[in-house]
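Report on one structure; see the data block that follows.
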Amino acid sequence: MTTAPPTTAPASVPVPAAQAIQRVGVVGCGVMGAGLAEVCARAGRDVLIVSSSEAGLTRGRGRLERSLGNAVRKGKISEAGREETLARVTYATDLGSFHDRQLVLEAVPEHEPTKLDIFQTLDKVVEDPDAILASNTSALPVIRLARATRRPEHVLGLHFFNPAPVLPLVEVVSSLLTGERTRRTAAEFVTEVLGKQAIHAGDRSGFVVNALLIPYLVAAIRMYEAGYADARTIDNAMTLGCSHPMGPLALADLIGLDTVAAIASALYEEFKEPTHAVPPMLSRMVDGGLLGRKSGEGFYSY
Ligand code: CAA
């Protein structure tokens, strides 16, 4: 683990111990929300997913079922384990259902007003004053989400990676107002309950991973846009030449081109570096609904 970023919140803020966190809420059931729900349910937690629409919930349930089917085929869990995991997950369309949650993971698209609204509501509906409210944001300032609540010391970022059931890292992001015990308990939950690896990161856009990853993806998109090389050539260069599991354009498709564009914009807003500026081709693909794997079309067809 890296050195913890500075925090000004008091060390004595009470939060539940990591193992005592049994009831988890997940806001959103897109690619990341469904992945987070799966990870927590596989760790034996009671998981309640809230999405704004029934249609969203149906798609999310489908994602969860497919992913668990995949895990059974790959020998990661048994058929009984799959059934038990699915039975631990319930679904609702009203954030008010989170009244008894001890930890809430927000995983909606990178749209700040939506996230602010959600944190404001979570603050009102989650009854346990010691509950931890976490965002899976990749690039937005955690402190703004914290300030939307009356309990900023209990708010932090828990940033997972796609596919969440497979990738071991979680960035634990403390804002200047995050309490030390919140940070410690959240990190313990990530490592001891979920069995993942945690690194601590400060509240700076992109944290560690995306600050390094996004300029690389943007550079690959610019190379493609300039007509220097086609998508397969660019991706083969990085899989065969650098042993990456997938090339940058295939990875952008996996992450979602809307998400890549949103993170790049947030990085650009924070640092004003040209390497973060969203390439015109990426903007037009997002405008056109070509979002990568989730829409069936991106740099490749699915
Ligand atoms: N549950 C548990 N394990 C699973 C699983 C599931 N549902 N599905 C697959 N697995 C396991 C497999 O069993 C396999 O494990 P072993 O190697 O131990 O056998 C491993 O996951 C790989 O799975 P597959 O063989 O099915 O697939 P693959 O080898 O083609 O790998 C991939 C697919 C994991 C996506 C790989 O290509 C990869 O790691 N790509 C890079 C992904 C990446 O960089 N993600 C980060 C994106 S950035 C981000 O998410 C943050 C952000 O803010 C944008």
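The values are calculated or read from the model by the stated rules, or taken from the named source; none is laboratory data. This is a predicted model, so every value here is computed, not measured. Neighbour counts run over all protein chains shown; Cβ positions are idealised from the backbone, glycine included. With ligands, DNA and RNA removed, areas are computed over all heavy atoms of the protein, side chains included. Shrake-Rupley method; radii C 1.70, N 1.55, O 1.52, S 1.80 Å.
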Exercise. In segment 78-127, which chymotrypsin sites (Phe, Trp or Tyr not before Pro) fall in coil by DSSP and have 15 or fewer other Cβ atoms within 10 Å?
Worked result: none
Exercise. Farthest toward the dipole's positive end in the chain, which of Ala148, Ala41, Thr275, given Cβ charges of +1 (Lys, Arg) and -1 (Asp, Glu) about the Cα centre?
Worked result: Ala41
For this session: Please report, in debye to the nearest 20, how large the charge dipole of the chain is about its Cα centre when each Lys and Arg carries +1 at its beta carbon and each Asp and Glu carries -1 there.
Result: 400
Seminar exercise, completed: segment 115-237 accessible area per residue, 1.4 Å probe, protein heavy atoms, integer Å², reads 39
Problem set entry | Coarse-grained scattering of segment 59-196 at q = 0.22 Å⁻¹, given as base-10 log I(q)/I(0) from a Debye sum over alpha-carbon atoms | -1.42
Exercise. In whole percent, how big is the carbon plus sulfur part of the accessible area of the chain, probe 1.4 Å, protein atoms only?
Worked result: 55
Problem set entry | Net dipole in debye of segment 209-287 [+1 Lys, Arg Cβ; -1 Asp, Glu Cβ; about Cα centre; nearest 20] | 160
Exercise. What are the trypsin sites (Lys or Arg not before Pro) within segment 131-196 that DSSP puts in a loop, where the Cβ has at most 16 other Cβ atoms within 10 Å?
Worked result: Arg150
Problem set entry | Computed [θ] at 222 nm, helices only, for the chain once each DSSP H run of length n ≥ 4 contributes -39500 (n - 2.57) | -13500 deg cm²/dmol
Exercise. Considering only DSSP states other than H, G, I, E and B, which chymotrypsin sites (Phe, Trp or Tyr not before Pro) in segment 228-278 qualify as loop sites with at most 14 other Cβ atoms within 10 Å?
Worked result: Tyr228
For this session: Take the alpha carbon atoms of the chain, find their radius of gyration, then divide it by 2.2 N^0.38 Å using N residues; give the quotient.
Result: 0.98
Exercise. Of all DSSP beta bridges in segment 17-202, what percent run antiparallel (nearest 5)?
Worked result: 15
